[in-house]
Amino acid sequence: MQRILVFRLSAMGDVALTVPVIRGMLEENPNISITFVTRPFFAPFFEGIPRLQLYFPDLKGRHKGFGGLFRLFLDLRKEGRFQTVIDLHNVLRTKLVRRYFRATGTPVYYIDKGRKEKNDLLKTKQINQLKHSSERYCDVFREAGFDVQMAQLPAISPSAQAKETVQKYLKKQKLPDKTLKIGFAPFATHETKIWGLENARQLIHLIAEKYPAQFYLFGGGKEETEKLKELATGNSHITLVAGKMKLSEEIALIARMDMMLSMDSSNMHIAALAGTKTVSIWGATHPAFGFYALGQPTEYSLQTPVEELDCRPCSVFGNKPCIHETIKCMEMLTPNIVLRRMEQLNLLKPH
C-alpha cells in the first residue's frame, strides 16, 4: 500500500473543495492510502472516505512556530513512511514542513494557484474562465504521477447520525406539503462579497409572498448569528440555523434543502458538494477566477455584468476596498432582479 501525505490546513471552502479530489484519487487508485493534514473542525467533510486518515496538527501548541513545524515533521514521520508529499496549500507553514520531507528524499509536489492568470484577468477585465480550484488540486496529483478524476457529486456525505438528527429536526417543523426549503447564507468573509441583510430581508419577503417556502439561515461567528437572529425574529417562515448545529448537522441539513442561496463563500461550496442546487451572488469577485460552485450551471451565478460596471471584478478574493462609497456591484443586483432570475431558471417551482 503506497502512503501519501497531503496538506490543506484552511480556509473552510478551500478544504471542502479537496473532498471530490481526495475521493476521486482513492477511488481510482486502490493501492494507495492518504493521510490528510488539516484542522479538526473540517473533519465532517471527509466522512466515510475509505483509506483516508485525518491528522490534526496542534498549531497553537506543540506545532506552533518554526520549532513547532519541525516537531510536526518529526511527528508525521512517526506515523510511518510516506512515499509522496502533496501540498495543496502552499503557504509558509506547509512550505517549511515539505522542505524537511524533501531533505529526507521524499518526493514533494505542490499546487500552482495560477496567481499570474488571476492577476492578468483582474487587470484586463477580460473574462476568460480559469481552471477551477479543485481541478488545480487534481493537477498536483497528476504531476506526481497518479491518475485522478474528481469524484461525482455529491462528494460530501453526511454521517448517519447527522442525517438522523436532521430528519427529526425537519419532522418536528411539520411543514406543509410542497413547501420549498431554501437555505440562505447571506454573509461572507469580506464586505465586498456581502449582498447585505436588507437585500436578504427583501428577497425573502418577495419569495414568501408568491411561493410556499421555508427559509433556513446559515452563517458563522457570534456577530453574524446575532444579525441573522434579528432577521428571523417574528417570522415563522424563517428558521435560524446559525449557532444551533454542529458542522456535520449543517451539512446534513444543507443536503436536504431544495435550494441554497449563498454569497461567494464556504457555504456555497458546501451546498454544491452536498449535491444541492446552489444559487450564488457575486460582488467584487468573479466565478471566472475558478472559485465557482462546482457542478452548478453557470446561470446560477448571479452578478452585475462586467459590461454594466467596468470596475468588476476588482479583487480575486474580495479583500480589497471598493472604489465607490457603497458596494456598487451588489447595490445594482436588486432583490427584484434576483427574484426574476430565479424564476427564469425555474428554481422556485414547488417540488
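The values are calculated or read from the model by the stated rules, or taken from the named source; none is laboratory data. Given the structure is predicted, the values throughout are model-derived calculations rather than measurements. Note: ideal-geometry Cβ built from the backbone for every residue, glycine included; neighbour counts use all protein chains shown. Surface accessibility is based on the protein's heavy atoms, side chains included, excluding ligands, DNA and RNA. Shrake-Rupley method; radii C 1.70, N 1.55, O 1.52, S 1.80 Å.
What the table shows:
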{"read-out": "From phi via Karplus (6.51, -1.76, 1.60), per-residue ³J(HN,Hα) for the range 267-279 in Hz, x at Gly/Pro", "value": "4, 4, 5, 4, 4, 5, 6, 7, x, 9, 4, 10, 9"}
{"read-out": "Heavy-atom accessible area per residue - the chain, 1.4 Å, Å²", "value": "47"}
{"read-out": "³J(HN,Hα) computed for each position of the range 225-230 - Karplus, 6.51 cos²θ - 1.76 cosθ + 1.60, integer Hz, glycine/proline x", "value": "4, 5, 5, 5, 4, 5"}
{"read-out": "MRE, 222 nm, helices only [DSSP H, n ≥ 4, -39500 (n - 2.57), over the chain, to nearest 500]", "value": "-11000 deg cm²/dmol"}
{"read-out": "Residues with amide H under 5 Å from that of residue 238, placed H, sequence gap 5 or more", "value": "215"}
{"read-out": "Heavy-atom SASA rank of 322, 138 (probe 1.4 Å, accessible area, largest first)", "value": "322, 138"}
{"read-out": "Other-chain or far-sequence residues with amide H under 5 Å of residue 277's (modelled H)", "value": "260"}
{"read-out": "Surface share of carbon and sulfur [accessible, 1.4 angstrom probe, percent] for the range 57-191", "value": "48"}
{"read-out": "Length added when fully stretched, residue 147-residue 209, from 0.36 nm per residue minus Cα-Cα", "value": "17.3 nm"}
{"read-out": "Computed E for residue 62/residue 119 - FRET, C-beta separation, R0 25 angstrom, nearest 0.05", "value": "0.10"}
{"read-out": "Residue 330 accessible area, 1.4 Å probe, all protein chains in place, Å² to nearest 10", "value": "0"}
{"read-out": "Exposure rank, largest accessible area first [169, 216; 1.4 Å]", "value": "169, 216"}
{"read-out": "Residue-wise HN-Hα coupling along the range 325-331, computed from phi with Karplus coefficients 6.51, -1.76, 1.60 (Hz; x: Gly, Pro)", "value": "5, 10, 7, 4, 5, 6, 4"}
{"read-out": "Accessible heavy-atom area order of 146, 41, 70, 215, highest first, probe of 1.4 Å", "value": "41, 70, 146, 215"}
{"read-out": "Placed amide H near residue 180: partners under 5 Å, 5+ positions off or other chain", "value": "213, 214"}
{"read-out": "Modelled FRET efficiency - R0 22 Å, residue 336 with residue 135, Cβ distances, 0.05 increments", "value": "0.05"}
{"read-out": "GNM top mover of 290, 275, 65 - the chain, alpha-carbon springs below 10 Å", "value": "65"}
{"read-out": "GNM flexibility winner over the chain from 218, 82, 42 (Cα, springs under 10 Å)", "value": "82"}
{"read-out": "Tensor-based shape of the chain (alpha-carbon gyration tensor, a/c under 1.5 rounded, otherwise prolate or oblate)", "value": "prolate"}
{"read-out": "Sulfur and carbon atoms: percent of accessible area, the range 9-53 [1.4 Å]", "value": "56"}
{"read-out": "Residue-level accessible surface for residue 316, protein heavy atoms, 1.4 Å, Å²", "value": "10"}
{"read-out": "For the range 90-153 versus the range 263-291, the gap between their alpha-carbon centres in whole angstrom", "value": "20"}
